[in-house]
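The block underneath contains the structure these notes are about, expressed in structure tokens.
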Amino acid sequence: MPENATADRDALLQEITVSYERLLAALDSWTDEQLTVPTDAAGWTVKDHLTHLTACERSIVFLLNGQPRHEGLGVPEEVYLRAADDDYLLSNAMIRDQHAHLTAAAARAAFVAIHQQLLALLGTLTDADLQQPYAAYRPATLPQHHRIPIRQYIVGDTSEHYAEHLPWMEQIVRTAPAANPSA
């Protein structure tokens, strides 16, 4: 998470909104087949990326509510702790597997719903609240979490995360074989 992450709540909300709307516009421009059939080299569909973003955003909602982030992700604490040490593969695979049954429409609806919850929570925070360290919201399991402002976690799991995944999603759709109109 960058040191210059947005501090001002209104600017933070604007940054999140712009990135969120860009992501939704892309999602809305693709068909259900484009969201659920073609995969990237790791075997992820666009829908898989979306459910990953939803779980990460849910983990921020849990954090702001004083609940463990791993519960918001839907992974055991020991898996979450491994992910915090840059071992994301297991937690990402678990998140993907948990949501594999969702349709594209259900995945999108879950993303929109958790985003609305997050915006409602952010609306209650002040600029000073955003400067509070992670440990002010939840006792930190990892020492590095004690001093980092909560705003950096929010940005990292919203606007920056959308911007990170959107090109990967676009690449999946761009490299998908064209539909055969005679089929």
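Lys47 falls short on exactly one of the conditions (1) farther than 26 Å from Gln152 by Cβ; (2) assigned to a helix (DSSP H, G or I); (3) open to solvent by 40 Å² or more (accessible area, probe 1.4 Å), and that condition is (3). Six or more apart or on different chains, Cβ under 9 Å: which pairs go from a residue in segment 156-173 that's without any contact (Cβ under 8 Å) to a residue 40 or more places away in the chain to one that's in a loop (DSSP other than H, G, I, E, B) and open to solvent by 10 Å² or more (accessible area, probe 1.4 Å)? Could you list them? Pairs found: none. Residue-level check: of (1) part of a helix (DSSP H, G or I); (2) in contact with a helix residue (DSSP H, G or I) (Cβ under 8 Å, 6 or more places away or on another chain), Glu21 misses just (2). Within segment 43-61, residues that are β-branched (Val, Ile, Thr) sit with their Cβ atoms under 8 Å from residues that are assigned to a loop (DSSP other than H, G, I, E, B) and open to solvent by less than 10 Å² (accessible area, probe 1.4 Å), at 6+ positions apart or across chains, in these pairs: Ile60/Thr158. Among the residues making up segment 103-120, those that are open to solvent by less than 40 Å² (accessible area, probe 1.4 Å) and either closer than 12 Å to Leu13 by Cα or outside any helix (DSSP H, G or I) (or both) are His115, Leu118. Residue count for segment 122-143 under the criterion of being more than 25 Å from Leu81 (Cα to Cα), under 20 Å from the mean Cα position of the chain (by Cα) and in a helix (DSSP H, G or I): the result is 1. Which is open to solvent by 50 Å² or more (accessible area, probe 1.4 Å) and modelled with pLDDT under 95, of Asp28, Asp8, Asp32? Selected residue: Asp8, the only one of Asp28, Asp8, Asp32 that is open to solvent by 50 Å² or more (accessible area, probe 1.4 Å) and modelled with pLDDT under 95.
Scanning segment 130-139 for residues that are under 15 Å from Gly66 (Cβ atoms) and open to solvent by 50 Å² or more (accessible area, probe 1.4 Å) returns Gln132, Ala136, Arg138, Pro139. Looking at segment 54-69, is at least one residue closer than 27 Å to Ala176 by Cβ, of a type in the set (A, V, I, L, M, F, W, C) and surrounded by fewer than 20 Cβ atoms within 10 Å (Cβ to Cβ)? Looking through segment 54-69, none of the residues is closer than 27 Å to Ala176 by Cβ, of a type in the set (A, V, I, L, M, F, W, C) and surrounded by fewer than 20 Cβ atoms within 10 Å (Cβ to Cβ). Pairs meeting the criteria (first residue in segment 87-116 and over 18 Å from Glu57 (Cβ atoms), second residue open to solvent by less than 50 Å² (accessible area, probe 1.4 Å) and small (Gly, Ala, Ser), beta carbons under 8 Å, at least 6 apart or on different chains) are Leu90/Ala83.
The values are calculated or read from the model by the stated rules, or taken from the named source; none is laboratory data. Fair warning: this is a prediction, and the values are worked out from it, not measured in the lab. A quick note on method: Cβ atoms are made from the backbone with ideal geometry, for glycine too, and the neighbour counts reach across all protein chains shown. These area figures cover heavy atoms from the full protein model, side chains too; ligands, DNA and RNA do not enter into them. Shrake-Rupley method; radii C 1.70, N 1.55, O 1.52, S 1.80 Å.
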